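Report on the following structure.
The values are calculated or read from the model by the stated rules, or taken from the named source; none is laboratory data. Please read all numbers here as calculations on a predicted model, not as lab measurements. A quick note on method: Cβ atoms are made from the backbone with ideal geometry, for glycine too, and the neighbour counts reach across all protein chains shown.
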Ligand code: GDP
């Protein structure tokens, strides 16, 4: 898929307030600092669409971006912030859960995981919750340029084994780098296949 047009369409904290057009939605989530904003910008080839920051935790709202006037890319607030208060964390959880469990238009949730780390309890708990609630998800490993090929391969195999202790099969898995553009075509083609299953 070619992205010819990407524009910010609105922020919300409740699904009832999201942009009014009923279009298919593809959402992105991950722990803070996982590289989500960089990935969104890389996919859209727009360096400024999503706010990238060295300070984790800037996005506390659900951001909709209208792509090619036909679907929404949805940038969800991260999870697993170490520095937030209990109350702020609970509020954030509520924003995320309200969206992923109630947005009828969400076709796929991409869960981003940093390829430099073993998959952790926060991620596993989150994936388990998705499974229990029947939310369709895929995994995108981020920052794949940061490790050598053998180290990367070993870690991703280890992560798959960790996932297989909890799941009967693996979800679709993508490798990405916002530095090199790795994964861009695969992810966009996958979205395109979901949008146009018969083409
Ligand atoms: P977010 O908090 O998940 O939105 O993460 P950001 O996109 O703001 O990225 C966090 C940090 O990781 C920034 O310093 C980025 O420059 C860096 N980063 C993000 N993606 C990549 C990547 O694919 N490769 C490398 N080398 N660095 C990345």
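Of the numbered conditions (1) in a helix (DSSP H, G or I); (2) touching a helix residue (DSSP H, G or I) at 6+ places or on another chain (Cβ under 6 Å), residue 107 fails exactly one; give the number of that condition.
(1)
Considering only residues of the stretch 20-42 that are touching a strand residue (DSSP E or B) at 6+ places or on another chain (Cβ under 7 Å), part of a helix (DSSP H, G or I) and in contact (Cβ under 8 Å) with a residue 60 or more places away in the chain, which is surrounded by the fewest Cβ atoms within 10 Å (Cβ to Cβ)?
Applying the filter and picking the extreme gives 36.
So which residues in the stretch 121-142 are touching a strand residue (DSSP E or B) at 6+ places or on another chain (Cβ under 8 Å) and at pLDDT below 95, if there are any at all?
If the condition is that a residue be touching a strand residue (DSSP E or B) at 6+ places or on another chain (Cβ under 8 Å) and at pLDDT below 95, then 122, 123, 126 are the ones that fit.
Based on this model, can you work out whether residue 36 counts as within 13 Å of the ligand (Cβ to nearest atom), under 20 Å from residue 77 (Cβ atoms) and at pLDDT 90 or above?
yes
Determine, yes or no, whether residue 62 is away from the ligand (no atom under 16 Å from the Cβ) and in contact with a helix residue (DSSP H, G or I) (Cβ under 6 Å, 6 or more places away or on another chain).
When the stated conditions are applied, residue 62 does not pass them.
Of the residues that make up the stretch 183-197, is at least one under 17 Å from the mean Cα position of the chain (by Cα) and farther than 23 Å from residue 24 by Cα?
No: the stretch 183-197 contains no residue that is under 17 Å from the mean Cα position of the chain (by Cα) and farther than 23 Å from residue 24 by Cα.
Quick grid of which residues meet (1) buried (at least 20 other Cβ atoms within 10 Å of the Cβ); (2) within 13 Å of the ligand (Cβ to nearest atom); (3) in contact (Cβ under 8 Å) with a residue 40 or more places away in the chain; (4) farther than 19 Å from residue 22 by Cα:
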{"position": "74", "(1), (2), (3), (4)": "yes, no, yes, no"}
{"position": "107", "(1), (2), (3), (4)": "no, no, yes, no"}
{"position": "144", "(1), (2), (3), (4)": "yes, yes, no, yes"}
{"position": "149", "(1), (2), (3), (4)": "no, no, no, yes"}
{"position": "154", "(1), (2), (3), (4)": "no, no, no, yes"}
{"position": "158", "(1), (2), (3), (4)": "no, no, yes, yes"}
{"position": "162", "(1), (2), (3), (4)": "no, no, yes, yes"}
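Hey, can you tell me all the residues within the stretch 143-162 that are assigned to a loop (DSSP other than H, G, I, E, B) and at negative phi?
147, 148
Please go through the stretch 135-152 and give me each residue that is under 18 Å from the mean Cα position of the chain (by Cα) and over 10 Å from residue 177 (Cβ atoms), ordered by number.
Scanning the stretch 135-152 gives 135, 136, 137, 138, 139, 140.
Residue 45 - would you say it is at pLDDT below 90, within 15 Å of the chain's Cα centre (by Cα) and either at positive phi or more than 7 Å from the ligand (Cβ to nearest atom) (or both)?
no
Output the number of residues of the stretch 128-142 satisfying the condition of being part of a helix (DSSP H, G or I) and either touching a helix residue (DSSP H, G or I) at 6+ places or on another chain (Cβ under 9 Å) or within 16 Å of the ligand (Cβ to nearest atom) (or both).
Going through the stretch 128-142 one residue at a time, the tally reaches 4.
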